[in-house]
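The structure under discussion appears below in the form of structure tokens.
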Amino acid sequence: MKITLQKVDGEEEEVIIRYREMTWEISDVVRLLSGGGRRLSGVKEDGEARYYFTPEEVYYFESVDGRIYAYLEKAVYRIRESLEDISEQYAELGIVRCSRTMAVNLYQVEWLKSQSGGRILASLRNGENIVISRRYAGELRRQLRRGGGV
């Protein structure tokens, strides 16, 4: 891939991407340039160091005793954002509310299965299962039917 940088004075900055075929690499560059490269920060329970990660790395977010935790493949971090803020800010990245106390990254879901009472069982790529409550399952079903899901 050839990269050309050109400094401009007094003009609006512009990025032009020329490609033969849309690849994951190019999609990642587009997402980064359009603000999808945002980072979250959190601390482990020992609280000694601050860690940085992207919303895409998170399997799900959970509220426990008023604190919000981000569950990644091999680590859990306490973060400062609220579940409401997370699901609004990162909706375009596939982060959706699934219960009053959780938000899930749809891109980390391996499969979905309808359950009794209108709930949905979601199996994540890390082997964990979570339940999408009836309150949030309807909206998720509508998104998936419209093609707005994963």
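Counting only the heavy atoms of the protein chains, how much of T4 is accessible to a 1.4 Å probe, in Å² to the nearest 10?
For T4, solvent-accessible area is about 110 Å².
What FRET efficiency, computed as 1/(1 + (r/R0)^6) with R0 = 41 Å and r the Cβ-Cβ distance, is obtained for T101 and L5, rounded to the nearest 0.05?
0.35
Helix 134-146 versus the longest principal axis of the chain: what angle, 0 to 90°, nearest 10, using Cα atoms?
40 degrees
Provide the per-residue ³J(HN,Hα) series for segment 59-70, in order, calculated from phi with Karplus coefficients 6.51, -1.76, 1.60 and θ = phi - 60°, each as a whole number of Hz, with x at glycine and proline positions.
Values, residue by residue: 7, 7, 10, 9, 9, 10, 6, x, 10, 9, 10, 10 Hz.
Hey, got the dipole for the chain? About the Cα centre, +1 on K and R Cβ, -1 on D and E Cβ, debye to the nearest 20?
That gives the chain a dipole magnitude of about 800 debye.
Taking H as built 1.01 Å from N, whose amide H comes closer than 5 Å to the amide H of Q115, not counting residues under 5 places away?
I120, L121
How large, in percent, is the carbon and sulfur part of the accessible surface of the chain at a probe radius of 1.4 Å?
Of the solvent-accessible surface of the chain, carbon and sulfur hold 45 percent.
Using a Cα-Cα cut-off of under 22 Å, which lysines could be cross-linked to K74, ignoring same-chain neighbours fewer than 8 residues away?
Within reach: K44.
With a cut-off of 8 Å between alpha carbons and a minimum separation of six or more residues, what is the relative contact order of the chain in percent?
Relative CO of the chain lands at 13 percent.
Spin-label point model (7 Å from Cα, Cβ direction): what's the E73 to R39 distance in nm?
1.9 nm
Hey, in the GNM for the chain with a 10 angstrom Cα cutoff, which one of E11, E73, E56 fluctuates hardest?
Answer for the Gaussian network model of the chain: E11.
Please calculate how many Å² of accessible area the chain carries per residue, with a 1.4 Å probe and no DNA, RNA or ligand atoms counted.
Computed with neighbouring chains in place, this is 72 Å² per residue.
Given the rule -39500 (n - 2.57) for each run of at least 4 DSSP H residues, summed and divided by the residues of the chain, what is its mean residue ellipticity at 222 nm, to the nearest 500 deg cm²/dmol?
-5500 deg cm²/dmol, from helical runs alone.
How big is the charge dipole of segment 106-150 about its Cα centre, in debye rounded to the nearest 20, if each Lys and Arg gets +1 on its Cβ and each Asp and Glu gets -1 on its Cβ?
For this selection, approximately 260 debye.
I need the phi-derived Karplus couplings for segment 122-129: 6.51 cos²θ - 1.76 cosθ + 1.60, θ = phi - 60°, integer Hz, Gly and Pro marked x.
So the Karplus estimates, Gly and Pro as x, are 10, 9, 8, 5, 8, x, 7, 10 Hz.
Between Q115 and R18, what length comes free when the chain is fully extended (0.36 nm per residue of separation minus the Cα-Cα distance, one decimal in nm)?
Stretched out fully, the Q115 to R18 stretch lengthens by 30.4 nm.
Given labels modelled 7 Å from the Cα in the Cβ direction, how far is it in nm from Q89 to R145?
Result: 3.2 nm between the two label points.
Just tell me which aspartates and glutamates come within less than 19 Å, Cα to Cα, of K113; anything on the same chain fewer than 8 places away is out.
Answer for K113, where 19 Å is the Cα cut-off: E128, E139, listed by chain and number.
Could you go through segment 18-30 in sequence order and give the Karplus-derived ³J(HN,Hα) for each residue, using 6.51 cos²θ - 1.76 cosθ + 1.60 with θ = phi - 60°, rounded to whole Hz, and x for Gly and Pro?
10, 8, 7, 9, 6, 10, 4, 4, 5, 4, 5, 5, 4
The values are calculated or read from the model by the stated rules, or taken from the named source; none is laboratory data. All values reported here derive from a predicted model rather than from experimental measurement. Backbone-built Cβ (ideal geometry, glycine too); neighbour counts: all protein chains shown. What goes into the accessible areas is simple: the full protein's heavy atoms, side chains included, and nothing from ligands, DNA or RNA. Shrake-Rupley method; radii C 1.70, N 1.55, O 1.52, S 1.80 Å.
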